[in-house]
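See below for the structure under consideration.
The values are calculated or read from the model by the stated rules, or taken from the named source; none is laboratory data. Worth saying up front: this structure is predicted, and the values here are computed from it rather than measured. Ideal geometry is used to build each Cβ from the backbone, glycine not excepted, and the neighbour counts take in all protein chains shown. Only protein heavy atoms, including side chains, enter the accessible area calculation; ligands, DNA and RNA are left aside. Shrake-Rupley method; radii C 1.70, N 1.55, O 1.52, S 1.80 Å.
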Amino acid sequence: MDTNKKYANWALIAIAMLLFGTAIATVQYKVPVVMGDIMTKMSMDAGSASWLMSIFTFVGIILALPTGALAKKFGPKTMLLAAAVVVAIGSLIGAFAGNGTILIVSRAIEGVAFIFVTICGPLAVQKYVAPDKIGSATGIWALWVCLGSVLGGVLTPTLYAATGFVGVWIIYAAVAVVFAIVVAVIVKFPGGEALDAPKGEASEEKVSYSELVKPNILLFFFAFLVFNLTLLAVLGFAPTFMQQQGVDPTLSGFVSTLPMLLAVISSPLFGSLSDKMGRCKPLYLLAMVVMGPCTLILLTQTGPLMWVGAIVMGLVGLGGPVMCLTSYINVLGRPELMSIGMGVLMLVQSLGQFLGTWLVPMLLGPEMSSWMFAGIVMCIIGLIGTGALALCKFK
């Protein structure tokens, strides 16, 4: 097969999708930095306002499996373009919301778009990128949430001050639609195609979720769940520990998010290395093995060790997601399973993130003081997840 004729430039496709994904992620992360103003504008208390972000997690848990099925039926590109329509509708409703309840509903609609992109982005990479460049393309694509969270935090306050609440909601939605058009033009096979029969999937062939209930696949799921659990333990609770130890709040926020920022280096690097090696498992194991110890450090240490934990987690640990996405088709064994399989994988991700925010407070106790105990338990869980990945058979 002449892959040069069948596949377009992998970097151009990856960058187009990254821009679109980043725009969608920015929509998600536009709220936290202006939460106080929103609460005042909408007369919301802290409990109801917290739903403006947490609703995304619940939407992900509920819609992950149906989205995978829709991706199989309509194809990943169609679903990505649908995400742009959905986020525009949600943002328009939110921009003119008269109360907090309608705003939360609008955020749920935006969350639908987010889960569409979360599941269908990797599927589009698998479909449109040449097989020997999937790791490199996934390494670029995997940065979308990281960049979106940073841009949402950095740009929103200035944009909010200049254009107000309505302006932020409309502008971010418009940017997402513009980049969706870029995806529509660029993300395709040379010479065009029928929109949008999934590559390697015979649409008439039946697949079953029961095919995913195999020991090897379950080990892979468990490892990814543990990865997300440990990551959310750090993102959610490391700042609290650091502030209890006298670390400046701004510095604690920077240190806890430093791993996500360093993913800009580790994600493309791990993806490129996996393409050169023709293997993902050694790199994925390397990423997993540091997650537990780094979580322990970031929940128990300040000073130089704190920085070591954040840097190692970012430069090594955050290479894990791209290795997970790149190797997943190999673990499943059949390309036909990718669409529904991606839905299940994102359900696993959502459950891991939920457990990360649920388990740590239990370990800390009512006074939020048992940091060493919580850190040790998180480290052990991280190492158990690494063991599960080591037992999983894939390249």
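Each residue in the range 129-162 was checked for being touching a helix residue (DSSP H, G or I) at 6+ places or on another chain (Cβ under 8 Å) and open to solvent by 60 Å² or more (accessible area, probe 1.4 Å), and 5 of them qualify. Count of the range 59-78 residues, restricted to those that are in contact with a Phe, Trp or Tyr (Cβ under 9 Å, 6 or more places away or on another chain) and among the hydrophobic types (A, V, I, L, M, F, W, C), is 6. Contact map, the range 227-244: residues that are modelled with pLDDT of 90 or more paired with residues that are of a type in the set (Asp, Glu), Cβ distance under 8 Å, separation 6+ or inter-chain. No pairs are found.
The residues in the range 246-261 that are of a type outside the set (A, V, I, L, M, F, W, C), over 10 Å from residue 314 (Cβ atoms) and either in contact (Cβ under 8 Å) with a residue 12 or more places away in the chain or open to solvent by less than 70 Å² (accessible area, probe 1.4 Å) (or both) can be counted, and the count is 4. In the range 165-173 there is at least one residue matching the filter, namely being under 22 Å from the mean Cα position of the chain (by Cα), among the aliphatic types (A, V, I, L, M) and at pLDDT 90 or above.
Taking the options 9, 4, 99, name whichever one is open to solvent by 10 Å² or more (accessible area, probe 1.4 Å), under 28 Å from residue 272 (Cα atoms) and modelled with pLDDT of 85 or more.
Working: 4 fails: modelled with pLDDT of 85 or more; 99 fails: under 28 Å from residue 272 (Cα atoms).
Result: 9 is the single residue among 9, 4, 99 that is open to solvent by 10 Å² or more (accessible area, probe 1.4 Å), under 28 Å from residue 272 (Cα atoms) and modelled with pLDDT of 85 or more.
Would you call residue 331 open to solvent by less than 50 Å² (accessible area, probe 1.4 Å), among the β-branched types (Val, Ile, Thr), more than 16 Å from the chain's Cα centre (by Cα) and within 27 Å of residue 127 (Cβ to Cβ)? Taking the combined requirement at face value, the residue satisfies it.
Are any of the residues in the range 298-315 touching a Cys at 6+ places or on another chain (Cβ under 7 Å) and either open to solvent by less than 10 Å² (accessible area, probe 1.4 Å) or of a type in the set (S, T, N, Q) (or both)? Among the residues of the range 298-315, at least one is touching a Cys at 6+ places or on another chain (Cβ under 7 Å) and either open to solvent by less than 10 Å² (accessible area, probe 1.4 Å) or of a type in the set (S, T, N, Q) (or both), which makes the answer yes.
This table checks each residue for (1) surrounded by fewer than 21 Cβ atoms within 10 Å (Cβ to Cβ); (2) assigned by the TED database to the domain that holds residue 242; (3) in a helix (DSSP H, G or I); (4) at pLDDT 95 or above.
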position: 352; (1), (2), (3), (4): no, yes, yes, no
position: 356; (1), (2), (3), (4): no, yes, yes, no
position: 360; (1), (2), (3), (4): no, yes, yes, no
position: 367; (1), (2), (3), (4): yes, yes, no, no
position: 375; (1), (2), (3), (4): no, yes, yes, yes
position: 382; (1), (2), (3), (4): no, yes, yes, yes
position: 388; (1), (2), (3), (4): yes, yes, yes, yes
